[in-house]
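The values are calculated or read from the model by the stated rules, or taken from the named source; none is laboratory data. On a predicted model such as this, the values are computed, not experimentally measured, just so you know. Cβ coordinates were reconstructed from backbone atoms using ideal geometry, including for glycine residues, and neighbour counts include every protein chain displayed. Surface accessibility is based on the protein's heavy atoms, side chains included, excluding ligands, DNA and RNA. Shrake-Rupley method; radii C 1.70, N 1.55, O 1.52, S 1.80 Å.
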Amino acid sequence: MKYEAVIGLEVHVQLSTKSKIFCSCSTEFGADANTHVCPVCLGMPGVLPVLNKQAVEYTIKAGLALNCEIQRKSVFARKNYFYPDLPKGYQISQYELPICLNGFIEIEVNGEKKKIGITRIHMEEDAGKSIHGENLGSPAHSYVDLNRTGVPLIEIVSEPDIRTPEEARAYLQKLKTILEYIEVSDCNMEEGSLRCDANISLRPLGETKFGTKTEIKNMNSFKNVQRALEYEIKRQAKILDEGGVIVQETRLWDPSRGITLSMRSKEEAHDYRYFPDPDLVPLIVEKNWVDEARETLPELPDAKKERFIKEYGLPSYDAEVLTSNKRYADYFEKAVKHHSNPKAISNWIMSEVLRDVNEKGCDIFDLNVKPEHIAEIVKLIDEGKISGKIGKEVYQLTLESGKSPSKIVEEKGLIQISDESAIEEIVKKVLEANPKEVERYKNGEKKLQGFFVGQVMKETKGKANPKLVNELLKKLLS
Ligand SMILES: [Zn+2]
């Protein structure tokens, strides 16, 4: 039977506030275990939480950027469960009345645009971290680090609008891009600033009722989300084909084996005994607060992409790549200011620059090649002073030394030879040195043109204007 997958994603995002959500402890990652703690985040009796205003502002910004309605009144609730990394025995979250409702993100997969609904965004506190003994010398023990306890989180819950693993990945990529643009989270997946769980069920194509879903946890990269969903679709389809029943449960993704494993039967909301936190008054967000937050929003990725297409005449693909990261977009716009050839500059960024950024894993502005250098290389090529090939050589030298391209061209004498008589001399010399090839060419082996061009370039160390070389070869060989 043919099935359709119904996927919903729950994404937890750590907000990049300096202090925790209900106390003034630092949120800094990587400190010694249990050094960023106080009676509030340790859940001591008698302490009172105080809400972090910055965390609320970041949540409002996220809500606006994701097209949500910001609720005037929201309420913090206690989500009760026992776990060693949760000292209070409950997590402060929002349940019935979350701060943001009814948003959406627009994604594009295989050239098709689609809106994915966002049901809600709620605020909550993070739990601590259990560390199992193997890494700390005692396999028989587990340890707990409570530095993360109380770090502000938002949970972004999507509608079950996603139909394929590719759409899930595109949704996550877009979500991450938007959150990075508005600078409310560093979205660092390795450090756990962005974590994703997925709900997935199958139903026969054409059916409108939902099937039984499973929840997948422990996917620490977008690639793993996609792989886990692909695996889960196959697993569920096989069970359904054999007439079996899907068990509603939570499953763990095992990236090394490429499979999901049953972890526990899925808990229902009533298992958590939610109730409003009596220590926190309802959160009231007045309209002027929302308006102020809206004014601080930067140009968002979709709007920037459209502008890049219109203003710079870039193809949609280029605009998509360049705006997928705000830093790339800024780098591009800086370069274009120095030399107005947007398409050529875009090509250089998408090929050379992003290749080196990925290879070095660094910020685009930390490369030795600065935006003005790219502009300079493109300008030198546009003015016919160097060839594209020499341009790549100059790029490499700038990358290594940080010296400006014009300086490198000058120092190394790389200025292109565009003097027709000078090139003609060299072409003649090459033809005289290769009489057999000339003979073969004249007998119809036209592809030898490339060989002659190569010889001329070798003679001139790549400096001959390639267009002129080709023209002269045709003339002298006819
Ligand atoms: Zn604290």
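Quick notes on this structure:
- When residue 89 is tested against (1) away from the ligand (no atom under 15 Å from the Cβ); (2) at positive phi; (3) open to solvent by 50 Å² or more (accessible area, probe 1.4 Å), only condition (3) is not met.
- Looking across the range 32-47, just one residue is more than 9 Å from the ligand (Cβ to nearest atom) and open to solvent by less than 30 Å² (accessible area, probe 1.4 Å), and that is 43.
- Only listed residue being assigned to a strand (DSSP E or B) and touching a Cys at 6+ places or on another chain (Cβ under 6 Å), chosen from 150, 117, 103: 103
- So residue 1, is it surrounded by fewer than 20 Cβ atoms within 10 Å (Cβ to Cβ), assigned to a loop (DSSP other than H, G, I, E, B) and within 13 Å of the ligand (Cβ to nearest atom): no
- Within the range 239-294, considering residues that are more than 27 Å from the chain's Cα centre (by Cα) and among the basic types (Lys, Arg), the one nearest to residue 204 (Cα to Cα): 266
- Leading residue by the ranking (least open to solvent (accessible area, probe 1.4 Å)) among those in the range 132-162 that are away from the ligand (no atom under 16 Å from the Cβ) and among the acidic types (Asp, Glu): 155
- Applying the set (1) at pLDDT 90 or above; (2) within 24 Å of residue 29 (Cβ to Cβ) to residue 192 leaves exactly one unmet item: (1).
- First in the range 19-45 and touching a residue at least 12 places away in the same chain (Cβ under 8 Å) and within 25 Å of residue 277 (Cα to Cα), second anywhere and near the ligand (Cβ under 7 Å from one of its atoms) and of a type in the set (A, V, I, L, M), Cβ under 6 Å, 6 or more apart: 22/40; 23/40
- Each residue in the range 316-362 was checked for being in a loop (DSSP other than H, G, I, E, B) and either open to solvent by 60 Å² or more (accessible area, probe 1.4 Å) or in contact with an Asp or Glu (Cβ under 9 Å, 6 or more places away or on another chain) (or both), and 6 of them qualify.
- Residues that are of a type outside the set (A, V, I, L, M), in a strand (DSSP E or B), open to solvent by 40 Å² or more (accessible area, probe 1.4 Å) and under 16 Å from residue 215 (Cα atoms), drawn from the range 251-290: 262, 264, 265
- So residue 33, is it outside any loop (DSSP other than H, G, I, E, B), aliphatic (A, V, I, L, M) and more than 18 Å from residue 280 (Cα to Cα): no
- Residue under evaluation residue 108, criteria (1) open to solvent by 30 Å² or more (accessible area, probe 1.4 Å); (2) in a loop (DSSP other than H, G, I, E, B); (3) modelled with pLDDT under 95, criterion not met: (2)
- Residue in the range 8-19 that is open to solvent by less than 50 Å² (accessible area, probe 1.4 Å), within 16 Å of the ligand (Cβ to nearest atom), of a type outside the set (D, E, K, R) and at pLDDT below 95 present: no
- The residue of the range 382-401 that is farthest from residue 474 (Cα to Cα), among those that are open to solvent by less than 30 Å² (accessible area, probe 1.4 Å) and at pLDDT 90 or above, is 399.
- Conditions (1) within 16 Å of the ligand (Cβ to nearest atom); (2) under 30 Å from residue 297 (Cβ atoms); (3) among the hydrophobic types (A, V, I, L, M, F, W, C); (4) at pLDDT 95 or above: number failed by residue 29: (4)
- Residue list for the range 235-250, restricted to those being of a type in the set (D, E, K, R) and within 17 Å of residue 199 (Cβ to Cβ): 235, 249
- Any chance residue 146 is of a type in the set (A, V, I, L, M) and under 15 Å from residue 90 (Cα atoms): yes
- Some residue of the range 68-84 being β-branched (Val, Ile, Thr) and more than 16 Å from the ligand (Cβ to nearest atom): yes
- Here is the figure for the range 72-101: residues that are in contact with a Leu (Cβ under 6 Å, 6 or more places away or on another chain) and not small (Gly, Ala, Ser) total 3.
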